[in-house]
Protein chains: 4
Amino acid sequence: MNEGDQVPSRKRAIVVNFKTYLESSGPGALSLAKLCEQVSQETGAEMIVAPPMLDLAMVAASVKIPVFAQHLDSVPSGSTTGHVTVENAKASGAKGTLVNHSERRIKIAEIHDIIDRSRNASLATIVCTNNLAVSKACAAMEPDFVAIEPPELIGGDISVTTANPKIVADTVKSIRTISSKVGVLCGAGVKNGRDVAKAIELGTDGVLLASGVVKAKDRRAVLLDLVSGLK
Amino acid sequence: MNEGDQVPSRKRAIVVNFKTYLESSGPGALSLAKLCEQVSQETGAEMIVAPPMLDLAMVAASVKIPVFAQHLDSVPSGSTTGHVTVENAKASGAKGTLVNHSERRIKIAEIHDIIDRSRNASLATIVCTNNLAVSKACAAMEPDFVAIEPPELIGGDISVTTANPKIVADTVKSIRTISSKVGVLCGAGVKNGRDVAKAIELGTDGVLLASGVVKAKDRRAVLLDLVSGLK
Amino acid sequence: MNEGDQVPSRKRAIVVNFKTYLESSGPGALSLAKLCEQVSQETGAEMIVAPPMLDLAMVAASVKIPVFAQHLDSVPSGSTTGHVTVENAKASGAKGTLVNHSERRIKIAEIHDIIDRSRNASLATIVCTNNLAVSKACAAMEPDFVAIEPPELIGGDISVTTANPKIVADTVKSIRTISSKVGVLCGAGVKNGRDVAKAIELGTDGVLLASGVVKAKDRRAVLLDLVSGLK
Amino acid sequence: MNEGDQVPSRKRAIVVNFKTYLESSGPGALSLAKLCEQVSQETGAEMIVAPPMLDLAMVAASVKIPVFAQHLDSVPSGSTTGHVTVENAKASGAKGTLVNHSERRIKIAEIHDIIDRSRNASLATIVCTNNLAVSKACAAMEPDFVAIEPPELIGGDISVTTANPKIVADTVKSIRTISSKVGVLCGAGVKNGRDVAKAIELGTDGVLLASGVVKAKDRRAVLLDLVSGLK
């Protein structure tokens with residue numbers, strides 16, 4: 001079993017969410033995932049990719065870095081056409097999943113169910129949150145990571161680590177009052193190695209980003225820069 | 001371009017929905033899709049497969065028969081993490097999609113949007129319905145197919161063609177008053193070649209089924225039997 | 001039984017949706033409903049009001065014009081906390097309901113269920129639609145009225161009857177190919193008697209509006225003007 | 001201002017959810033609310049009623065005990081037809097609201113938004129939960145009350161206080177590790193004064209029930225019995 005096969009837990013990481021951009025969909029998903037794998041292998045940095053839903057099995061079969069689902073449904077496997085279950089994700093090669101992303105919020109009982117079933121299936125969970133109170137609430141359900149992304153900064157030009165470092169530091173601190181096991185990521189506007197370094201300095205375990213990589217002219221350069229901030 | 005690459009339209013067809021069964025998920029999705037391809041190639045019958053969402057690109061890259069999504073979301077491509085867009089489906093190799101399956105009902109404006117965008121992307125649409133009035137309503141939006149599946153018969157032991165042949169015949173007739181272009185499928189309890197033959201006799205263009213194939217002990221025998229009913 | 005107690009069917013009507021505006025909520029719902037009743041009684045025009053959900057029973061007990069729900073849920077009465085059933089609406093004094101309003105879209109099977117159960121409960125249904133194809137589809141399920149409201153004109157300054165008279169006329173014509181029983185309303189930007197008169201001229205049975213009345217400085221003058229267009 | 005006008009906070013209370021039962025809808029909502037008021041006045045016990053949505057303003061105008069909404073939507077007031085906002089509830093006379101009831105689960109960010117806006121509007125919040133982890137999570141968002149209702153016991157014949165006293169005691173204890181301000185209720189199968197007394201003994205502030213009252217032959221006797229357990 002090589003390193004990419006491990007469920008990541010509390011290693012510092014860069015999580016690249018491909019969203020549903022056409023540039024990172026289908027063949028584009030495969031090439032971006034391979035680039036992330038290459039950068040991970042060259043630098044030793046932990047990189048996690050979350051390709052479009054339909055591409056997950058294809059991507060997971062082609063790269064050794066952890067591939068995460070962007071969303072899972074809290075439904076049983078079987079007569080649940082059009083949904084994606086925890087067990088489907090496992091069977092298709094996922095190592096974990098985003099949960100409650102700002103573009104795909106779910107019910108609290110569903111968050112708990114996904115965390116629970118993912119743990120049983122050895123899948124890691126990254127629960128996305130929008131503020132301090134919701135971050136604490138999600139930490140109480142003990143996912144592997146909580147990823148704080150202030151909605152007003154998502155898709156913006158200024159990194160959360162610059163625009164609102166206090167919310168990042170406060171999230172880390174307040175999650176620590178609930179659990180020592182839950183990792184913290186931050187996201188929204190993250191674009192370069194300085195943003196990543198600041199995130200680490202504020203006590204997080206890494207960052208979650210999307211357009212900063214997917215839409216970059218020179219993705220390889222951007223990835224190498226981001227990774228440099230992890231150290 | 002070979003036959004499997006065509007968007008199916010008004011050819012008689014057997015549509016196999018893999019749902020989210022573990023038996024037809026991940027590696028199981030690939031082997032079942034290949035078996036369907038084999039039967040299609042041997043018999044010349046049109047077979048369409050709808051694998052679990054995460055497996056679509058992988059399956060589409062491996063077989064020549066049409067691969068359909070089980071569900072698409074009526075959202076734009078881009079900042080819609082955890083959703084599946086029409087354009088994602090196209091990029092990942094889908095030839096069409098189920099719409100409004102009984103296990104994944106959607107809003108009427110969403111049905112129309114998916115039909116519209118799929119047509120523009122040369123993807124075929126099969127809209128699932130629960131009764132005569134809803135079938136007429138969906139036909140008015142001109143998908144490629146309407147698939148009538150009476151909810152009380154889904155997952156049961158008796159085929160809709162035996163339990164309620166009138167609803168199938170009435171659906172065909174009433175859809176014809178709305179449009180001559182919309183094909184009709186039926187589903188619920190379909191298990192063998194006699195059921196398929198009866199569906200064709202009642203005026204449909206084929207059937208939609210799931211557990212009858214996925215859960216069969218001898219899938220190849222079941223598929224060959226089903227296909228025999230198409231003639 | 002007086003006139004206001006009748007289920008309205010194919011009488012020309014002005015439907016005033018109070019939405020959830022604070023100006024038309026709580027005590028404000030009651031005073032606006034009473035003003036509409038007054039104008040209806042003075043002019044003989046049919047006026048229908050749709051107050052905020054929580055205010056329905058209170059308003060229905062206080063006025064004789066028909067009071068409609070803004071939305072009903074397709075769930076059974078009983079263990080469905082936080083929902084509003086067809087039977088609840090009947091018990092609370094509603095005479096009908098909006099269905100699938102642009103701000104509260106529902107699934108197609110739910111639209112059909114609400115139409116069906118409302119008919120059994122002698123409640124009238126007004127199904128809101130966003131374009132020609134969806135209007136035809138909804139007409140196929142035979143509600144009392146289809147109300148076409150092009151989304152790009154909702155909340156705007158120009159009435160649909162001025163901005164896009166063709167969609168109104170086409171909707172009327174195409175609904176007539178499906179059913180002679182279904183009435184047609186139009187909405188989006190409707191503000192005065194000329195807009196109403198034009199709507200009638202285009203073949204509709206009236207209009208659906210909200211802010212044009214709720215936000216008006218002189219509501220009584222606006223209502224009298226609107227009603228003048230019905231003749 | 002009399003006692004019924006106060007937002008209840010940490011007083012022991014019996015919360016009666018009328019659900020959407022026909023027996024407690026429309027005129028039935030009014031008579032049941034008046035009976036609860038009578039029992040509250042006679043015994044001095046705090047009783048809270050949650051009538052069907054459409055009946056809220058009518059009931060709130062007729063009784064002095066606190067009237068709660070069964071559900072509120074996390075949307076702004078205004079162009080949100082068919083929804084119920086925090087501000088609507090306030091305008092219509094509500095003193096608080098159930099949040100995330102097992103029959104109406106909502107997203108975690110919505111729970112937080114409802115708690116936050118309700119606090120600003122001086123409305124009390126009772127957030128319903130399904131297990132220990134979700135109870136802790138909800139307590140972290142500081143509603144007035146968390147109400148634990150194990151789903152497997154809801155609607156059953158055995159009170160949660162008998163069937164699973166441990167989950168009630170554990171919920172109380174674990175919520176205390178998060179906040180001293182959050183009250184705890186329990187529900188599922190609660191039927192009589194002994195169940196209420198046991199709930200109090202286990203450290204809760206009272207109970208949430210529905211069919212035990214709504215479906216009772218002698219509602220007055222049942223209410224008096226329940227209330228006797230509060231002491």
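The values are calculated or read from the model by the stated rules, or taken from the named source; none is laboratory data. The structure displayed is predicted, hence computed values, not measured ones. Because the Cβ atoms are built from the backbone with ideal geometry, glycine has one as well, and the counts that use them run over all protein chains shown. Note: areas computed on protein heavy atoms with side chains; ligands, DNA, RNA excluded. Shrake-Rupley method; radii C 1.70, N 1.55, O 1.52, S 1.80 Å.
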Subject >> Relative contact order %, chain A, counting alpha carbon pairs below 8 Å whose residues are six or more apart >> reply: 19
**OP:** For B:Lys64, go through the aspartates and glutamates and keep the ones whose alpha-carbon is under 19 Å away, minus same-chain ones fewer than eight residues off.
**Re:** A:Asp55, B:Glu3, B:Asp5, B:Glu37, B:Glu42, B:Glu46, B:Asp55
**OP:** In a Gaussian network model over chain C where Cα atoms closer than 10 Å are linked, find which of C:Val172, C:Val75, C:Val67 has the largest mean-square fluctuation.
**Re:** C:Val75
**OP:** Determine the dipole magnitude for segment A:53-126: charges of +1 sit on the beta-carbon of Lys and Arg, -1 on that of Asp and Glu, nothing else is charged, the reference point is the Cα centre, and the result goes in debye to the nearest 20.
**Re:** 180
**OP:** In debye, nearest 20, what is the charge dipole magnitude of segment C:112-231 about its Cα centre with +1 on Lys and Arg Cβ and -1 on Asp and Glu Cβ, if you could check?
**Re:** 260
**OP:** Please give the calculated 222 nm ellipticity per residue for chain D, where each DSSP H segment of at least 4 residues contributes -39500 (n - 2.57) and the sum is spread over every residue; nearest 500 deg cm²/dmol?
**Re:** -10500 deg cm²/dmol
Subject >> Phi to ³J(HN,Hα) by Karplus 6.51 cos²θ - 1.76 cosθ + 1.60 over segment C:13-24, Hz, x for Gly, Pro >> reply: 8, 10, 9, 9, 8, 6, 6, 10, 4, 5, 5, 10
Subject >> Label 7 Å beyond Cα on the Cβ vector: D:Lys166 copy-to-copy distances, nm >> reply: 4.5, 5.6, 7.1
**OP:** Along Cα-to-Cβ, 7 Å out, sits the label point; list in nm, shortest first, how far the one on D:Ala221 is from those in the other copies.
**Re:** 6.4, 6.4, 8.4
Original post:
Average partner chain C-beta neighbours within 10 Å, per residue of A:128-141?
Top reply: 6
Original post:
For segment B:1-123, what are the per-bin percents of Cα-Cα distances with bins 5 Å wide, up to the bin holding the maximum?
Top reply: 2, 12, 22, 24, 21, 12, 5, 1, 0
**OP:** Would you be so kind as to identify which of C:Ala109, C:Pro66, C:Thr129 lies farthest towards the positive end of the dipole of segment C:1-156, taking Lys and Arg as +1 and Asp and Glu as -1 on Cβ and the Cα centre as origin?
**Re:** C:Ala109
Subject >> Amide proton proximity set for A:Leu230, modelled H, under 5 Å, gap of 5+ >> reply: none
Subject >> segment C:127-199 - Rg (one decimal) and Dmax (whole number), Cα, Å >> reply: 11.5, 32
Original post:
Amide H of B:Gly206: which non-local residues (sequence gap of 5 or more, or other chain) have their own amide H closer than 5 Å, using H built in the peptide plane?
Top reply: B:Ala13, B:Cys186
Subject >> In order through segment B:81-91: 3J(HN,Hα) via Karplus (6.51 cos²θ - 1.76 cosθ + 1.60), integer Hz, x for Gly, Pro >> reply: 3, x, 9, 10, 9, 4, 6, 4, 4, 4, 4
**OP:** Please give the per residue accessible area of the protein assembly as shown, computed with a probe of 1.4 Å over protein heavy atoms only, in Å².
**Re:** 34
**OP:** Tell me the distances, shortest first, between B:Thr43 and the same position across the other copies, using label points 7 Å along Cα→Cβ, in nm to one decimal.
**Re:** 5.4, 6.6, 6.8
**OP:** Please identify which residues in segment B:196-226 have an amide N closer than 12 Å to a label point set 7 Å out from the Cα of B:Ala169, following the Cα→Cβ vector.
**Re:** B:201-203
**OP:** With the full set of protein chains in place, find how many percent of the accessible area of the protein assembly as shown is carbon and sulfur; take the probe as 1.4 Å.
**Re:** 50
Original post:
How would you order A:128-135, D:155-162, A:88-95 from highest to lowest mean count of nearby Cβ atoms within 10 Å?
Top reply: A:88-95, A:128-135, D:155-162
Original post:
Got the relative contact order for segment C:117-170 handy, in percent, Cα pairs under 8 Å and 6 or more residues apart?
Top reply: 31
Subject >> Phi-based couplings in Hz for segment A:146-152 (Karplus 6.51, -1.76, 1.60; Gly and Pro marked x) >> reply: 10, 10, 7, 9, x, x, 6
Original post:
D plus C alone minus the pair: what accessible area, both sides summed, probe 1.4 Å, in Å² to 100?
Top reply: 3000
Subject >> C-alpha center-to-center spacing [segment B:116-144, segment A:21-89] in angstrom >> reply: 30
**OP:** Taking H placed 1.01 Å from N in the peptide plane, check which residues at least 5 places from C:Val146 or on another chain put their amide H under 5 Å from its amide H.
**Re:** C:Val127, C:Gly183, C:Val184, C:Leu185
Original post:
Just how many pairs of Lys in segment A:121-225 have C-alpha atoms closer than 29 Å, counting pairs that are eight or more places apart or on different chains?
Top reply: 18
Subject >> Rg(Cα)/(2.2 N^0.38 Å) for the protein assembly as shown, N = residue count >> reply: 0.97
Original post:
Using the per-residue mean of other Cβ atoms lying within 10 Å as a proxy for protection, in what order, highest first, do the peptides A:185-192, B:46-53 fall?
Top reply: B:46-53, A:185-192
Original post:
Alpha carbon centre of segment B:167-208 versus segment B:92-114: separation in Å?
Top reply: 19
